[in-house]
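Below: the structure, in structure tokens.
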Amino acid sequence: MAPQYAPSLRSRLAPLLLILQTGFIIIAALCFENKEANKLDRKSFLHFYPEFQDVNVMIILGFGFLCTFPVRYGFSGSGFNLLVAIIATQWALILNGIDSWYNTKIIRIDLKSIIKAELCAVSALISIGSVLGKTNPVQLTLIALLEVTGFALNEWLLQTLLKVRPPNSIMLLHVFGALFGLMLTWILYRDGSKQGFEKEKFDRKSGLFSMLGVVFLWMFWPSFNSVLVEDDQTRLEAVCSTYLSLAVSAVTAAALAVLSSPRGKLNPIQMQSCVLAGGAAVGVSVSVVQQPWEAMALGFTAAILSTLGYRYLKTHLLIAFECHDTCSVLSTHGLPGLLGWLAHLVLQIKYCDDHTVAVRFAVFHICTLFTTVSLSLSMGIITGGRFGDPNKTKNASMIRLSGRYLHFPNLVVRNLRQKN
Amino acid sequence: MAPQYAPSLRSRLAPLLLILQTGFIIIAALCFENKEANKLDRKSFLHFYPEFQDVNVMIILGFGFLCTFPVRYGFSGSGFNLLVAIIATQWALILNGIDSWYNTKIIRIDLKSIIKAELCAVSALISIGSVLGKTNPVQLTLIALLEVTGFALNEWLLQTLLKVRPPNSIMLLHVFGALFGLMLTWILYRDGSKQGFEKEKFDRKSGLFSMLGVVFLWMFWPSFNSVLVEDDQTRLEAVCSTYLSLAVSAVTAAALAVLSSPRGKLNPIQMQSCVLAGGAAVGVSVSVVQQPWEAMALGFTAAILSTLGYRYLKTHLLIAFECHDTCSVLSTHGLPGLLGWLAHLVLQIKYCDDHTVAVRFAVFHICTLFTTVSLSLSMGIITGGRFGDPNKTKNASMIRLSGRYLHFPNLVVRNLRQKN
Amino acid sequence: MAPQYAPSLRSRLAPLLLILQTGFIIIAALCFENKEANKLDRKSFLHFYPEFQDVNVMIILGFGFLCTFPVRYGFSGSGFNLLVAIIATQWALILNGIDSWYNTKIIRIDLKSIIKAELCAVSALISIGSVLGKTNPVQLTLIALLEVTGFALNEWLLQTLLKVRPPNSIMLLHVFGALFGLMLTWILYRDGSKQGFEKEKFDRKSGLFSMLGVVFLWMFWPSFNSVLVEDDQTRLEAVCSTYLSLAVSAVTAAALAVLSSPRGKLNPIQMQSCVLAGGAAVGVSVSVVQQPWEAMALGFTAAILSTLGYRYLKTHLLIAFECHDTCSVLSTHGLPGLLGWLAHLVLQIKYCDDHTVAVRFAVFHICTLFTTVSLSLSMGIITGGRFGDPNKTKNASMIRLSGRYLHFPNLVVRNLRQKN
């Protein structure tokens, strides 16, 4: 049984999607060109295609089924994820091509540009994890569009002002997505109600689907981290590093999940959140992690940090800031991403012989983080404020909808209705 | 709990499978040779292997789990799909090799011939979607054998008489499979009973498995469309076109599913049927779709056409012609396939400079469709008549079986029993 | 709902995992080096990466979800499988590198060494299948460590004493894992109780997850068998042979499952056990199977043997030797592995022109099997005795735990508690 939509949703979601889609097609007719320029690019087919598919699987299947754990939200979770991922990818394809369009009036579409666009869409999927079950599909679509715009802007700033290399700037998606999502849920929730959320429910079968999503993310994460690396040598290292880091973080996460449970239970939701921490940490620092033990130590630290975040920070955020983070994106992506940023800084300085170069790198690297954090926080607040301001009738009614629209007995934003 | 088979089924299915399998092994011992001829072919390992696996995943997992949505049929659906896919592939391997056997007394088995055979098997899997839950495994096996024979015959006719290139002729599998299946269910059903079928039931969990199948088909469809393309350049274009077309058709299908529902619900079965329309349409016209916007527009039109087919044509066929199409193969594969054929015609003529060449192509192209349609319809009627004729006692008893054999409260061919 | 752990488990599992993981990181810091030496190795990225991912999918997802069929064990089954697979892989990475460390004080980590380590981990996963649901995660972890040690020792013996080529020695993992697991469950069970186990329960939904695991194993088995083959030509042949063999064994297994059921039902658990037999048989003999019909005949025989094993040997072992094999690893991996060994012998002798060479090969080949079997049996007995000796209080309490720890109404080792 699909959730029952509010009647007014019908008049909003369908036109929104159709208008967006028609717009994308018109832009494509005007600017897109499907042409590989030369022989070298053609060779890239062999290079990229299997990894493109792996990334595809992670985005559509991994994130899609990761979202199925709330027992009453399973089906819609995977369906909406597909929708949001596709729209965000198309939008990112356009935004990433603006630069090239400005110069040549043509946006080239090839495998690499689609992969880049998909990675941008991932940052939107991460953000959406934090408001899962509290928003309707119309809101999800608009949030994804704004989030991708913010991320593309951030990427452009980093690449033009701070000369950050593209793979490094894109990998900050973990930090950007998590902080954006956090602000979003904070604003939406604060405006709505003062009453705490009950715990998310899940049952065994939806838990297995969710496990399926985690397992797909876990398996294909090496492709995710290595797909943008140009050089074969470095790419191989990236794959091995990511694999080792994920392995260590999975074991550590399981150990800590048992340790932190009062009855020695293996809390599956906690484990699932923290198993992937190593992948995000290595992803952000992939260009400098060279030795296996560095990757493994990074995975170990990331899992500990992520578990601490899940156990203490999540509750703390809920109680102190009234900020409810459904999928714990802060501990799954945010903290490991920050750790990866730190590891990048430390390792790069360690490898620098020259003191001046090291200081210069450190300043640039700190500026990179500062830009990303401030842009993600401000974009998150703006996006949240856009939907969450109770004075804007149109948007408030959207949120009101979510009470009727969702069938979460536990997660319902029921109080919004009472207030308005 | 597996469905309880009629006792007499035991004495039929097992011998049939064992005889077929022994026959295939004997033929293999006489004709097959597992030998790559030269260095160039060897290089093809790198080219083909990942895409071979993707196609494999689509056939075994995608189609297999797509069939799990009827709540009481899940397990058997995926099991029988595996069985039918394998038998059809082996049979296609033999049929596709007859030509080479005629000349050299040897059928070469390599990755490419297995991929071709798997694509032929897909046409059988599509047909079987339309009689899902109304036939027993013995019938499914025989239908698959006859369908693959028909498809191989069609391919041979197109390639020898009309000089259609192999990738183009194979991609007509969507049209062939859908029309064959439609005739099949029409004949089987008409002979059986005048009473209408109730709606197919599905529940949330089996819906998620079905979603899993759809998502796998969606993700790997670019491999499906590009695997037979020889040239790297064209293959890359095929991948990008298919991806864009699928993206657009998924968004459009979701929008139309919300729009066409009286309460604004997102009907998952409808969405699942129409999400893949873009892939089928681009598949049939893959050799001429060059610009991204063409692929996107094709995906958009295919999703609209498929949704219209699902909403109106399916009901119309049931009421007017008493033709019940379980998996809506007509709207998922048939209509988008025809659209792709039309797009091929239009785009090819557009790219032609010479008027005479264009007309000549149009005539040949129309003949291609005519051959495919007439062969698929007649083979479907013959196959259906073979199983559906109530005068043939042996076959009628097979159908009678299906009443007892299947545990569908809704889909049971209960009336067959009453009549006979 | 995760199973409720005995409180004392908390104090054991978490420290064990953390200590192991810290130890692995320290060893990595001392010995591992993530460096590809030369250009040729770099090219191997393109060769290996997609197959590496396929093997990864088989291990994490295939074996993980294969274990979900016991209805109350689904979630933990997949979680523990992930844990055990990762720990076993890391341990195998260290053990496989001892030789290189002895010479150069460095263990090179690249894709190939990770793949080899994963294949060693598979032998542990197979063993664990036989004690599934009768052991707690602490035991599973220790069993995996001992099993991998034994397998690495066996591999080293075969390669240094008998000059067996690495791919051939590693592929004996099916035989080694199955016999090790059988001894393990025999010792653990004999020491525990004289009372028979009831049948394993499963329901339709957990059955579908299990089917998912089987299907993933089925699809990617060609990669499993070909990943270690160096030569492109041979690898292509390995892929085709494995595919054909799996196809034939799936059809044969289904036919026999129907035939051997008194009511003509398709027993899904039996079918799932036997569908994969062809893959294991061809895997062990992959270097000599050249013609398609040989592979197909091997698949046919393997499926028959596996079905006979499942129907008669499993019950016989339970009644005569009180040896309960949860996942039927003997019939799924053991018997087909032995068949593959025999096929290797027969085919190699057939291809030998020289009589002396043939005899010499036969002697070596028999020694190979003898070493593997005796080592696996003795290691299994040692490992089982270690955990199963009721006089060792510490370990006996571990087993006692499993009664409380597991929520199997049918599989509970309830009597252990009564006895002690």
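At full extension, residue C:346 and residue C:153 could sit 66.8 nm farther apart than now, given 0.36 nm per residue minus the alpha carbon distance.
Cβ-Cβ distance of residue A:377 and residue A:99, R₀ of 25 Å, FRET efficiency by 1/(1 + (r/R0)^6): the value works out to about 0.50.
Position residue A:267: other-copy label points at 4.2, 4.2 nm, ordered by increasing distance, label point 7 Å along Cα→C-beta. When chain A is turned onto chain C, the axis of that turn runs closest to one Cβ of chain A, and that residue with its distance in whole Å is A:50, 2. Using the Karplus relation 6.51 cos²θ - 1.76 cosθ + 1.60 with θ = phi - 60°, the per-residue 3J(HN,Hα) values for the range C:97-103 come to x, 4, 4, 5, 5, 4, 8 Hz, with x marking Gly and Pro. Evaluating 6.51 cos²θ - 1.76 cosθ + 1.60 at θ = phi - 60° for every residue in the range C:145-151, the Karplus couplings come out as 4, 5, 5, 5, 4, x, 5 Hz, glycine and proline recorded as x. Net charge of the neighbourhood of residue C:60, taken over other residues with C-beta under 12 Å away and scored Lys/Arg +1, Asp/Glu -1, is -2.
Taking amide H positions as modeled 1.01 Å from N, with prolines and chain starts lacking one, the residues under 5 Å from residue C:323 and 5 or more places away or on another chain are C:318.
Shielding of peptide B:14-21 by partners, expressed as the average count of other chain Cβ atoms within 10 Å per residue Cβ, is 6. Distances between copies at residue C:22, taken between label points 7 Å from Cα along the C-beta direction, are 6.5, 6.5 nm in increasing order. Extent of the range B:47-385 along its three principal axes (Cα atoms, max minus min coordinate, largest first): 51, 45, 38 Å. Remark: label point of residue A:105 defined 7 Å out from Cα along the Cα-Cβ vector; separations to the same position in other copies 6.6, 6.6 nm, ascending. Amide H contacts of residue C:107: C:32, C:33, each under 5 Å away and 5 or more positions distant or on a separate chain (H built 1.01 Å from N in the peptide plane; Pro and chain starts excluded).
Enter the mean number of other protein chain beta carbons within 10 Å of the beta carbon of each residue in A:244-254, as an integer. Could you put the intermediate results ahead of the total?
Working: counts 10, 0, 1, 10, 7, 2, 8, 11, 6, 2, 11.
Averaged over the peptide's residues, the number is 6.
For the range B:47-385, the relative contact order works out to 23 percent when only alpha carbon pairs closer than 8 Å and six or more residues apart are counted.
Averaged across A:76-86, how many Cβ atoms of other chains sit within 10 Å of each residue's Cβ atom? Let's see the in-between values first.
Numbers: counts 3, 2, 7, 12, 2, 1, 10, 8, 0, 2, 10.
Mean number of neighbouring Cβ atoms from other chains: 5.
Ordering of C:78-85, C:338-345 by packing is C:78-85, C:338-345, highest average first (other Cβ atoms within 10 Å, averaged per residue).
The numbers here are math on the coordinates, done by the rules we state, and not lab data. These figures come from a predicted structure and were not determined experimentally. FYI the Cβ positions are ideal-geometry reconstructions off the backbone, even for glycines, and counts take in every protein chain you see.
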